[in-house]
Structure formats: structure tokens, C-alpha cells
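The values are calculated or read from the model by the stated rules, or taken from the named source; none is laboratory data. Computed from a prediction, not measured in an experiment: that's the story for all the values here. Cβ sites come from the backbone with ideal geometry, for glycine too, and all protein chains shown count toward neighbours.
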Amino acid sequence: MTEKRVLFICIENAARSLMAEAMFNADPPPGWQADSAGTVPAPAPNPRTVPMLAELGLALPAHPPQVLTPERMNEARIRVTLGCMDDASCPAYLKTLETVDWALPNPASLDDQGFRNVRDRLRDRVNSLKTEIALRERRARGLQP
């Protein structure tokens, strides 16, 4: 079975989108998998991303920050942007696709508590997305929620 993809997109793919990918893939709905990418990827993850994920018992995805490509955009059934929909950093092609924008601030410039607040808001949204996907899949199969 081909897995359905959620793509988490931010500018650097160094914090928000990597954390969202790790959170989603820790317990994805059956048949789903998350990926992440950045419009202008950083050379490495933000150094605080690893310990912030570890506080939740999660590990960083195995890949380094990666570039957002048309292939990644097209393969995704759900595209979630995390604050990269401004004209300067958002590829025009992405703006033509259906996306959900969570518009969370980049935690890189925040202190540790601010970083945690972004992480926790992200965790809540990822969990809500997983619940929404599961309910949608049940309804599509004719099952009650």
C-alpha cells in the first residue's frame, strides 16, 4: 500500500517542520507518513531542536534539512506550512496548491521557554491533525467516528 503523505513546510527545515515530522511519525494514522522540507534549508538542524524533542521522548528525523521540491509538494496529500507563506520565501508553485497554514513563529530567535511554547503548540496541532485524519478515514470507510 502506498503511504499517504503529510508534508510539513517551513523556511529552514531546522526546527518547526522537523519537530512536526517527528511528532507525526511517532504514531501516525494507519497508512500515513510525514515528511518535512524548507524553502531555504539550513545546513543543519537548530541545535535546540534535538533536546526539545528529547523532552517529549522523540528523536530528530534521520535526514538533514532538505529542500522543498515540486515532487515533495505533489506527493503530499496534506501540506502544512509553518510560517513560510510570505512572498519572499514561499515558492510561487506552493501558493497554487491546497495548503493549511499554521503560521507558528520561528523558535530560533526565542529563548528556551519560547521555543518550548512553539513546540507545544505544534504538538497540539499535530495531534489534532492526526485525529482529524483518522476520523476522515473512518467516515470514508463508512464507519462511525
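Side notes on the structure shown:
- Scope region 101-112; condition in contact (Cβ under 8 Å) with a residue 24 or more places away in the chain and either farther than 13 Å from Cys10 by Cβ or assigned to a loop (DSSP other than H, G, I, E, B) (or both); matching residues: Leu104, Asn106, Asp112
- Residues of region 59-81 that turn out to be exposed (fewer than 13 other Cβ atoms within 10 Å of the Cβ) and charged (D, E, K, R), as a count: 2
- Picking from residues in region 1-38 that are assigned to a loop (DSSP other than H, G, I, E, B), of a type outside the set (Gly, Ala, Ser) and surrounded by 20 or more Cβ atoms within 10 Å (Cβ to Cβ), the one that is modelled with the lowest pLDDT is Ile11.
Residue-by-condition table, conditions (1) within 30 Å of Arg138 (Cα to Cα); (2) modelled with pLDDT under 95; (3) surrounded by fewer than 18 Cβ atoms within 10 Å (Cβ to Cβ); (4) charged (D, E, K, R):
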site	(1), (2), (3), (4)
Val40	no, yes, yes, no
Pro45	no, no, no, no
Pro51	no, no, yes, no
Gly57	yes, no, yes, no
Gly83	no, yes, no, no
Asp101	yes, yes, yes, yes
Leu104	yes, yes, no, no
Arg119	yes, no, no, yes
Leu122	yes, no, no, no
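- For first residues located in region 15-40 and over 27 Å from Ser109 (Cβ atoms), partners that are among the hydroxyl-bearing types (Ser, Thr, Tyr) and crowded, with 24+ Cβ neighbours inside 10 Å and lie 6+ apart or on another chain with Cβ distances below 7 Å do not occur.
- Counting only residues that are part of a helix (DSSP H, G or I) and farther than 21 Å from Asp111 by Cβ, region 43-82 holds 6 of them.
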